[in-house]
Amino acid sequence: MKKIDYPNTAIYINKSFVNFFDCVDNIKKDTVFYFVDENILGLYKSLFNNFHNIISIPSGEETKSIDYINNIIKKLIELGANRKTFIIGVGGGVTCDVAGFVASIFMRGVNFGFVPTTLLAMTDASFGGKNGINFNNIKNVLGVINEPDFVFIDYSFLKTLTHQEYLNGFAEIIKHACISSSDLFYDLEKNADNYFKIIENPGYSNFNKLHNMLCDSIKIKLDIVSSDRYENGKRKSLNYGHTFGHAIEAEYGIPHGSAISLGIVFSNILSNKLGFLNEDRLIRVNNLLEKYNLPVDVSMYEKKYLIKWIERDKKSSDKNIDFVLLKDIGISFVKPLSIQKIIDG
Ligand SMILES: NC(=O)c1ccc[n+]([C@@H]2O[C@H](COP(=O)([O-])OP(=O)(O)OC[C@H]3O[C@@H](n4cnc5c(N)ncnc54)[C@H](O)[C@@H]3O)[C@@H](O)[C@H]2O)c1
């Protein structure tokens, strides 16, 4: 079994939430306020029976808003939260972002940790210290970089995850493989059928089969963020597929994982046209995305409708976009490109 050591955050992986307080160090139960995704509260009610100070976090991107943050802070104050409060977010990326953001500003910052319950949050959103909320329809434009004290992963939450939420997670895992690890890419190719069986029947699956692959994916993210906490260089590679992906998600309203998959395809076409990525590699990535039921046909997504979103994207600096390109599977780099070049490519 792989293990992950990371100096800034205690990582508990493949543990049971039932034994949470036996596993984690230095957290006093009576100081904890739980921010729990509303669906998790509904599905796993009994897990929270003996817990006090639970704040239910509505499902959906709208929750990551200033208005909602106001409500939460009012609730925290009403419930008597103070400087010693420890906030634990239990849910997907939305809940983790909200919990991390509120914990970072409440009383000038209180301790916090995450119990991610979606595949995407387990492999991506709960790591790296970005805690963002949306403003004026711009995603994650307000936020702080502040790493959680712990991330506690209990795979059994995955048994109730929807098919689409699995695909959203796998899109980010494939992203990690493309930018940084041909080994992980190969694993995803070789074991696609096994992993897909889990997605198709999560209620009866043995999630230990995902363990090594998930650890590899998490390590990639942690290696990147620890070398470039404030996104001045290498960390930008995590935006691979996201320049077009976010634009497609916003313009066409399709699920995040599907949009990122299409964003990866757009990015690879550009990498190929600019002479960096061989066509056979491009096809190999497309084949992998398709194995995970992710879309690769970009023909109906017109770039002219995407420009406005790409221009608004927070990753834009001046007129150029820091665009993530591939040289090979597992080898990425960032190149500032004009919008025109991106669109013409
Ligand atoms: N901070 C970061 O570094 C970072 C990185 C990636 C994504 N994000 C953010 O994460 C968010 C997306 O996260 P997400 O994909 O986890 O979505 P999410 O948090 O919206 O959860 C998706 C849905 O699954 C439900 N759900 C959660 N766990 C469940 C479970 N175990 N069983 C059944 N249903 C469950 C939720 O109620 C919700 O309806 C976005 O807002 C994105 O911006 C943040």
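The values are calculated or read from the model by the stated rules, or taken from the named source; none is laboratory data. Since this is a predicted model, take the numbers as computed values, not measurements. Cβ placement follows ideal geometry from the backbone for every residue including glycine, while neighbour counts extend to all protein chains displayed.
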Checklist entry - Could you list, in sequence order, the residues of segment 24-45 that are crowded, with 16+ Cβ neighbours inside 10 Å, part of a helix (DSSP H, G or I) and hydrophobic (A, V, I, L, M, F, W, C)? => result Ile40, Leu41
Next on the checklist: Is it the case, given these coordinates, that Gly257 is within 20 Å of Ser156 (Cα to Cα) and of a type outside the set (D, E, K, R)?
Outcome noted: no
Checklist entry - Which one is farthest from the ligand (Cβ to nearest atom), of the residues in segment 137-146 that are in contact (Cβ under 8 Å) with a residue 60 or more places away in the chain and touching an Asp or Glu at 6+ places or on another chain (Cβ under 9 Å)? => result Ile138
Checklist entry - Any idea which of Tyr240, Tyr305, Tyr301, Tyr252 is closer than 30 Å to Thr9 by Cα and of a type in the set (Ser, Thr, Tyr)? => result Tyr240
Item to check | Ser267, sole failed condition from (1) in contact (Cβ under 8 Å) with a residue 40 or more places away in the chain; (2) out of contact with any strand residue (DSSP E or B) (no Cβ under 7 Å at 6 or more places or on another chain) | outcome: (2)
Item to check | Out of Ile174, Ile220, sole residue that is part of a helix (DSSP H, G or I), away from the ligand (no atom under 13 Å from the Cβ) and within 17 Å of His256 (Cβ to Cβ) | outcome: Ile174
Checklist entry - With segment 229-345 as the region, which helices (runs of 4 or more DSSP H) entirely inside it contain at least 2 residues that are within 24 Å of Ile145 (Cβ to Cβ) and at pLDDT below 95? => result 242-252, 303-312
Item to check | Those residues of segment 102-119 which are surrounded by fewer than 24 Cβ atoms within 10 Å (Cβ to Cβ), of a type outside the set (Lys, Arg) and farther than 18 Å from Phe20 by Cβ, in sequence order | outcome: Ser104, Ile105, Phe106, Met107, Gly109, Val110
Item to check | Selection status of Gly253, surrounded by fewer than 18 Cβ atoms within 10 Å (Cβ to Cβ), over 30 Å from Tyr305 (Cα atoms) and of a type in the set (Gly, Ala, Ser) | outcome: no
Checklist entry - Within the set of pairs 6+ apart or on separate chains, which have a first residue in segment 4-24 that is over 16 Å from Met122 (Cα atoms), a second that is aromatic (Phe, Trp, Tyr), and C-beta atoms under 9 Å apart? => result Phe20/Tyr12; Phe20/Phe152; Cys23/Tyr12; Cys23/Phe152; Val24/Tyr12; Val24/Phe150; Val24/Phe152
Item to check | Residue among Asp149, Asp187 that alone is at negative phi, in contact (Cβ under 8 Å) with a residue 24 or more places away in the chain and out of contact with any strand residue (DSSP E or B) (no Cβ under 6 Å at 6 or more places or on another chain) | outcome: Asp187
Checklist entry - Taking segment 127-143, which residues are modelled with pLDDT of 95 or more and either closer than 21 Å to Tyr6 by Cα or not in a strand (DSSP E or B) (or both)? => result Phe127, Gly128, Gly129, Lys130, Asn131
Checklist outcome for this item: Considering residues that are assigned to a strand (DSSP E or B) and among the aromatic types (Phe, Trp, Tyr), the number found within segment 72-126 is 3
Checklist entry - Considering Phe127, Phe150, which residue is of a type in the set (A, V, I, L, M, F, W, C), farther than 24 Å from Glu251 by Cα and near the ligand (Cβ under 8 Å from one of its atoms)? => result Phe127
Next on the checklist: Can you tell me how many residues within segment 82-92 are surrounded by fewer than 24 Cβ atoms within 10 Å (Cβ to Cβ) and not basic (Lys, Arg)?
Outcome noted: 3
Checklist entry - Pick from segment 1-20 the residues that are hydrophobic (A, V, I, L, M, F, W, C) and closer than 18 Å to Pro116 by Cβ: which of them is surrounded by the fewest Cβ atoms within 10 Å (Cβ to Cβ)? => result Val18
Checklist entry - Among Asn134, Asn82, which is the only one that is farther than 24 Å from Asp154 by Cβ and within 16 Å of the ligand (Cβ to nearest atom)? => result Asn134
Checklist entry - Would you pick out the residues in segment 181-190 that are touching a Leu at 6+ places or on another chain (Cβ under 9 Å) and either within 16 Å of the ligand (Cβ to nearest atom) or not aliphatic (A, V, I, L, M) (or both)? => result Phe185, Glu189
